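Notes follow the structure.
The values are calculated or read from the model by the stated rules, or taken from the named source; none is laboratory data. What you are looking at is a predicted structure, and each value in this text was computed from that prediction instead of being measured. Don't worry about glycine lacking a Cβ; one is built from the backbone with ideal geometry, like all the others, and counts go over all protein chains shown. Accessible surface areas use protein heavy atoms only, side chains included; no ligands, DNA or RNA. Shrake-Rupley method; radii C 1.70, N 1.55, O 1.52, S 1.80 Å.
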Amino acid sequence: MNVGSLALPPQRDHALLAKADITQHEIAALRTPFNLADAHTHQSQSPSQRRIVESLPRLWDAAARQTQYQSEQDFIQAFFRLHGQHRALERHDEIYLVYAASVGMHITATYLQKHGLRVGLIEPCFDNLHDLMQHMQVPMVPLGEHLFADKSQVYQRLLGHADQIDAVFLVDPNNPTGFSLFNPTDLAFREVVRFCVERDKILILDFCFAAFILASGQSRPDVYAILEDSGVRYIAMEDTGKTWPIQDAKCATITTSRCLTADIYPIVTSVLLNVSPFVLKLVTEYVRDSAQDRFASVRELLDENRSLARRQLDGGLLRYRSPMVRTSVAWFEITDPAWTADLLQAHLLDFDVYVLSGKYFYWSNPWKGQRFIRLALARDADVFAAAIDAICTALEEVEA
């Protein structure tokens with residue numbers, strides 16, 4: 001497609017433009033034939049995962065027979081070993097489990113609000129991080145990804161914000177861009193840690209997409225060893241919800257430095273007693289399955305869909321943005337300034353395809369996000385291929 005021949009975008013007063021956040025779009029997208037909005041896993045089971053589903057009665061009985069503590073520890077041991085985070089397991093009794101990552105974010109936001117702390121939040125990032133803290137009236141300052149791009153400049157660039165913030169909040173790998181402080185080395189991350197230690201800042205880490213580092217064939221350093229050895233005050237969250245196709249049966253974790261446990265634990269216990277032992281048993285089986293196949297069931301489908309989207313859509317109105325870490329989403333830049341993400345989203349919806357506008361990810365500057373759209377990749381290959389065909393048809397219509 002020749003960018004110069006693109007027709008002007010249609011002027012729409014579309015109801016979807018009025019939605020307040022990404023989640024409201026994702027809810028609406030569940031009603032569409034081609035939902036490429038939410039990054040939840042909607043693909044079918046692999047053969048080994050199907051065997052897990054067939055064993056559900058056994059898993060139910062096993063969960064009922066053992067203690068809640070044992071269910072928790074089985075999951076914690078399997079999950080953190082899979083991720084190579086062995087140092088965290090030295091404090092396995094201080095890893096807190098919650099229903100979902102957003103619950104962990106809410107607990108973190110509650111802590112920040114309670115202590116009147118100001119946060120430097122990475123931008124772009126998934127908008128519910130910003131929304132949760134905004135609802136809790138936590139002051140926020142944007143920290144653009146460019147601040148972390150050059151490891152030799154990270155410390156100095158963060159110094160420019162030192163007087164404005166009490167905490168640094170990062171997402172790694174970042175959603176939606178796939179940016180990571182651990183690629184190709186962990187030196188940029190270590191510089192962030194050094195800044196937080198020397199300037200007495202709390203480091204808050206969202207690792208909810210970290211499984212995709214492993215699925216991409218890379219390895220994670222033992223992040224908790226870096227954190228614990230540095231003496232930094234930290235809160236780190238991990239998740240299972242975006243990795244395996246288990247219909248939103250999931251568990252997230254919160255781990256903190258020892259000095260913060262007395263503050264965080266009462267907030268955790270004010271929110272919930274425990275995660276379902278059956279859910280823990282189920283998720284643990286999926287963790288072990290990926291340990292066995294080295295994430296093949298996750299990686300192969302995402303790679304196939306990503307390759308198709310790039311091959312069919314890159315060039316013309318859309319330009320594929322290559323990530324540092326290949327996650328479960330694809331990030332495309334809109335090349336024609338006449339088209340905004342909102343207008344393109346509305347146009348694609350006329351063809352039964354729901355994608356996300358980039359404006360929600362740029363929480364301090366939504367207009368900058370109007371240059372991008374995000375596509376979810378965790379779909380069955382035939383469904384995804386049909387959605388890409390529909391997008392191609394929609395884009396052909398805007399050619400002169």
**Asked** Quick one: is I373 in contact (Cβ under 8 Å) with a residue 24 or more places away in the chain and farther than 23 Å from N174 by Cβ?
**Response** no
**Complete:** Filtering region 246-259 down to residues that are open to solvent by 10 Å² or more (accessible area, probe 1.4 Å) and either assigned to a loop (DSSP other than H, G, I, E, B) or more than 21 Å from L89 (Cα to Cα) (or both) yields I246, Q247, D248, A249, K250
**Prompt:** Does V329 satisfy being at negative phi and open to solvent by 50 Å² or more (accessible area, probe 1.4 Å)?
**Reply:** no
**Request:** Keeping to region 349-393, report how many residues are under 15 Å from R321 (Cα atoms), among the basic types (K, R) and open to solvent by less than 30 Å² (accessible area, probe 1.4 Å).
**Result:** 1
**Asked** With respect to the numbered conditions (1) touching a residue at least 24 places away in the same chain (Cβ under 8 Å); (2) open to solvent by 10 Å² or more (accessible area, probe 1.4 Å); (3) of a type in the set (A, V, I, L, M), which one is the sole condition not fulfilled by A262?
**Response** (1)
**Item:** Residue check, F207 in contact (Cβ under 8 Å) with a residue 40 or more places away in the chain and buried (at least 16 other Cβ atoms within 10 Å of the Cβ)
**Value:** no
**Request:** Could you list all residues from region 273-301 that are aliphatic (A, V, I, L, M), out of contact with any helix residue (DSSP H, G or I) (no Cβ under 7 Å at 6 or more places or on another chain) and open to solvent by less than 60 Å² (accessible area, probe 1.4 Å)?
**Result:** V275, V279, A296
**Message:** Going residue by residue through region 24-33, is there one that turns out to be free of Cβ contacts under 8 Å to residues at least 12 places away in the same chain, closer than 30 Å to A394 by Cα and of a type in the set (S, T, N, Q)?
**Reply:** yes
**Prompt:** Which members of region 95-111 meet the condition of being in a loop (DSSP other than H, G, I, E, B) and either open to solvent by less than 20 Å² (accessible area, probe 1.4 Å) or in contact with a helix residue (DSSP H, G or I) (Cβ under 8 Å, 6 or more places away or on another chain) (or both)?
**Reply:** I95, A100
**Prompt:** Assuming E396 fulfils every condition listed in (1) outside any loop (DSSP other than H, G, I, E, B); (2) open to solvent by 30 Å² or more (accessible area, probe 1.4 Å); (3) modelled with pLDDT of 95 or more; (4) not polar (S, T, N, Q) apart from one, which condition is it?
**Reply:** (3)
**Complete:** So, first residue over 23 Å from P33 (Cβ atoms) and outside the structural domain of C125 (by the TED database) in region 351-367, second residue among the basic types (K, R) and open to solvent by less than 60 Å² (accessible area, probe 1.4 Å), Cβ within less than 6 Å, six or more apart or across chains; the pairs are P366/K359
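Matching residues to (1) farther than 28 Å from F79 by Cβ; (2) open to solvent by 40 Å² or more (accessible area, probe 1.4 Å); (3) over 21 Å from the mean Cα position of the chain (by Cα):
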residue	(1), (2), (3)
D93	no, yes, yes
Q113	yes, yes, yes
R118	yes, yes, yes
L147	yes, no, no
Q164	yes, yes, yes
V168	no, no, no
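Does A62 fit the bill of being in a helix (DSSP H, G or I), at pLDDT 95 or above and either open to solvent by 40 Å² or more (accessible area, probe 1.4 Å) or under 17 Å from I202 (Cβ atoms) (or both)?
For A62, the condition - in a helix (DSSP H, G or I), at pLDDT 95 or above and either open to solvent by 40 Å² or more (accessible area, probe 1.4 Å) or under 17 Å from I202 (Cβ atoms) (or both) - is not met.
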**region 160-182 residues that are on the phi > 0 side of the Ramachandran plot, paired with ones that are open to solvent by less than 10 Å² (accessible area, probe 1.4 Å) and among the polar types (S, T, N, Q) (beta carbon under 8 Å, 6 or more apart)** = G178/T327
**Asked** Can you spot a residue in region 311-321 that is within 28 Å of T240 (Cβ to Cβ) and small (G, A, S)?
**Response** no
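This table checks each residue for (1) at pLDDT 95 or above; (2) aliphatic (A, V, I, L, M).
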{"site": "Q73", "(1), (2)": "yes, no"}
{"site": "D93", "(1), (2)": "yes, no"}
{"site": "V98", "(1), (2)": "yes, yes"}
{"site": "V103", "(1), (2)": "yes, yes"}
{"site": "G116", "(1), (2)": "yes, no"}
{"site": "L132", "(1), (2)": "no, yes"}
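Taking region 317-326 on its own, how many of its residues are farther than 21 Å from D38 by Cβ, part of a loop (DSSP other than H, G, I, E, B) and open to solvent by 10 Å² or more (accessible area, probe 1.4 Å)?
2
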**Residues of region 290-333 that turn out to be among the acidic types (D, E) and in contact (Cβ under 8 Å) with a residue 60 or more places away in the chain, as a count** = 2
